[in-house]
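Read the structure below first, then the notes.
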């Protein structure tokens with residue numbers, strides 16, 4: 001008798017706790033809690049990478065500088081108003097879809113010759129050649145690395161990472177760097 | 001009615017904003033318009049609609065009952081969201097809790113990203129207007145974990161430009177200009193207490209998590225879905241920033 005009732009009690013308790021968990025599982029399925037882990041995994045950033053600047057990277061070729069300038073001052077192919085220089089497109093194919101090509105939007109953080117609405121999160125890049133290159137404060141290699149992956153110079157940088165992320169090609173980084181260090185009117 | 005109003009404000013705003021946004025985010029004319037809208041926030045209409053939906057599908061009584069409080073104490077508990085919900089053993093946003101209550105009331109829950117849910121969330125949160133934000137990130141282990149995850153989400157660089165939320169919202173850059181826009185300290189501007197808000201540039205009502213998505217999209221971070229553990233965690237983190245600045249709930253906000 002005694003034994004029986006305690007058995008019954010534990011059976012009842014079991015049923016109760018079972019229904020509790022079933023119930024909470026049920027409620028959980030009512031709440032939208034989408035799994036973001038796959039998205040985040042794909043979006044992960046590779047560790048800082050030190051690059052060797054390719055030969056003939058920095059150039060005075062006006063077309064390369066024009067491309068660098070275009071990338072510097074524009075956000076993407078959809079927002080950009082003027083026609084891009086030769087060698088640069090406004091749209092690219094990605095996963096079977098036509099997507100606006102992303103540009104550097106460096107002007108969001110940097111002021112420079114001819115900037116419209118330049119930001120001040122990064123240093124002013126006016127007269128960069130005169131102030132930084134001609135004085136040997138910076139080398140071409142430094143500029144190249146800074147644009148490719150600034151974390152190598154400052155692990156806590158707020159600047160964008162442009163080569164390690166695959167946003168640009170090596171040639172495009174060279175175009176941008178060539179523009180930054182070019183003599184401007 | 002709603003369409004008309006949003007159309008009027010949309011056209012008035014896009015014209016003035018696009019003309020004037022060359023150097024600073026707001027011209028004098030925009031600022032005047034902003035002031036005017038502050039007195040007559042277009043979001044009030046959305047909140048009214050949210051109120052009707054709330055009374056039909058959720059109700060204060062059912063929400064209070066589910067949260068285990070008296071109806072009179074709803075404002076206080078709403079000011080503690082996102083919070084740990086023992087019935088599901090998860091940290092949830094108020095919108096997710098309303099999904100449960102809708103279900104319990106015999107209705108099919110609104111999708112988190114639906115305009116109905118945005119409106120209902122704006123109304124439900126406005127019940128706590130004037131309450132100090134009172135999230136407790138140390139309430140229990142789950143809350144602590146959620147805060148930690150939120151902090152990590154905020155600090156982790158990712159995406160095509162290798163940026164984190166912190167790249168643009170750390171104290172080291174607050175007040176600096178990102179392409180004509182001053183960067184806000186999310187605690188000082190009381191982001192947590194002022195969203196859902198009417199976003200002038202989008203001519204619509206947006207929630208805090210929807211605002212996060214906007215920043216992700218702009219900065220090329222992969223956009224995370226509303227209601228995911230990570231998004232709730234970000235909301236926990238950003239809500240605590242406002243709490244640290246002694247901010248109160250003031251819904252609906254009005255944003256540029």
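Give me a single rounded figure for B:171-180: the average over its residues of other chain Cβ atoms within 10 Å of their Cβ.
The per-residue average across the peptide is 5.
Using only the Cα atoms of region A:116-185, build the gyration tensor, take square roots of its eigenvalues as a ≥ b ≥ c, and label the shape rounded, prolate or oblate: rounded if a/c is under 1.5, else prolate if a/b is larger than b/c, else oblate.
Working: a/c = 1.43, a/b = 1.33, b/c = 1.07.
Judged from the Cα gyration tensor, region A:116-185 comes out rounded (a/c under 1.5).
Taking just the alpha-carbon atoms of chain B, what radius of gyration and Dmax come out, in angstrom?
So, for chain B, Rg and Dmax equal 18.1, 53 Å respectively.
Which of B:92, B:33, B:205 moves most in a GNM of chain B, Cα contacts under 10 Å?
The residue that fluctuates most here is B:33.
Quick one: pull the percentage of alpha-carbon pairs in region B:122-164 with a separation above 16 Å.
60 percent
Which values, in whole Å and largest first, are the semi-axes of the equivalent ellipsoid of region A:40-163 obtained as the square root of 5 times each eigenvalue of the Cα gyration tensor?
Values: eigenvalues 113, 80, 49 Å².
Semi-axes, largest first: 24, 20, 16 Å.
Which one, A:172, A:141, A:32, has the greatest fluctuation when you compute a Gaussian network model over chain A with C-alpha springs under 10 angstrom?
A:32
Restricting attention to the alpha-carbon atoms of the protein assembly as shown, what are Rg (one decimal) and Dmax (integer), both in Å?
25.8, 102
R0 = 41 Å: FRET efficiency of residue A:120 with residue B:72, Cβ-based, nearest 0.05?
0.25
Could you state the angle between the C-alpha long axis of helix A:2-30 and the longest principal axis of the C-alpha atoms of chain A, as a value from 0 to 90 degrees rounded to the nearest 10?
Its long axis makes an angle of about 30 degrees.
Provide a whole-number value for the mean count of partner chain Cβ atoms within 10 Å of the Cβ atoms in peptide B:223-235.
3
With a 10 Å radius around each residue's Cβ, average the other Cβ atoms per peptide and rank B:103-116, B:78-91, highest first. List each step's numbers first, then the result.
On the way: B:103-116: 15.5, B:78-91: 20.8.
Those peptides, ordered most packed to least, come out B:78-91, B:103-116.
So for the pair residue A:38, residue A:131, with labels modelled 7 Å out along Cα→Cβ, what separation do we get in nm?
A separation of 4.8 nm, rounded to one decimal place.
Any chance you could get the radius of gyration and Dmax over the Cα atoms of region B:108-256, in Å?
That works out to 14.9, 46 Å for Rg and Dmax.
When only Cα pairs under 8 Å and 6 or more residues apart are kept, what is the percent relative contact order across chain B? Could you put the intermediate results ahead of the total?
Details: 407 pairs, mean separation 65.0, N = 256.
Once normalised by length, the contact order is 25 percent.
Would you work out if region B:54-187 is rounded, prolate or oblate? Take a ≥ b ≥ c from the square roots of the eigenvalues of the alpha-carbon gyration tensor; rounded if a/c is under 1.5, else prolate when a/b is larger than b/c, oblate otherwise.
Working: a/c = 2.01, a/b = 1.85, b/c = 1.09.
In terms of gyration-tensor shape, prolate.
Run lengths n ≥ 4 of DSSP H only: what is the helix-derived mean residue ellipticity at 222 nm for the protein assembly as shown, with -39500 (n - 2.57) per run over all residues, to the nearest 500?
My calculation for the protein assembly as shown gives -14000 deg cm²/dmol from helical runs alone.
Taking 0.36 nm per intervening residue step and subtracting the Cα-Cα distance, what contour gain separates residue A:142 from residue A:76 on full extension?
Numbers: separation 66, 0.36 × 66 = 23.76 nm, distance 2.56 nm.
In short, 21.2 nm is gained.
Could you work out how far apart the two model spin labels at residue A:52 and residue B:152 are, taking each label as a point 7 Å from the Cα in the direction of the beta carbon, and quote it in nm?
3.7 nm
Against the longest principal axis of chain A, how steep is helix A:170-181, in degrees 0 to 90 to the nearest 10, with axes from Cα atoms?
Here the helix axis deviates by roughly 50 degrees.
Across peptide B:150-163, what mean number of C-beta atoms from other chains lies inside 10 Å of a residue's C-beta? Write out the running numbers ahead of the final one.
On the way: counts 0, 0, 0, 2, 0, 0, 4, 8, 7, 7, 10, 10, 15, 6.
Shielding by partners across B:150-163 averages 5.
Using per-residue counts of other Cβ atoms within 10 Å, averaged over each peptide, order A:91-102, B:44-55 from highest down.
On the way: A:91-102: 11.5, B:44-55: 18.6.
Top of the packing list down: B:44-55, A:91-102.
Every read-out reported here was derived from the displayed coordinates using simple, explicitly stated rules and does not represent laboratory data. This structure is a prediction, so every number in the text was calculated from the model and none was measured. Note: ideal-geometry Cβ built from the backbone for every residue, glycine included; neighbour counts use all protein chains shown.
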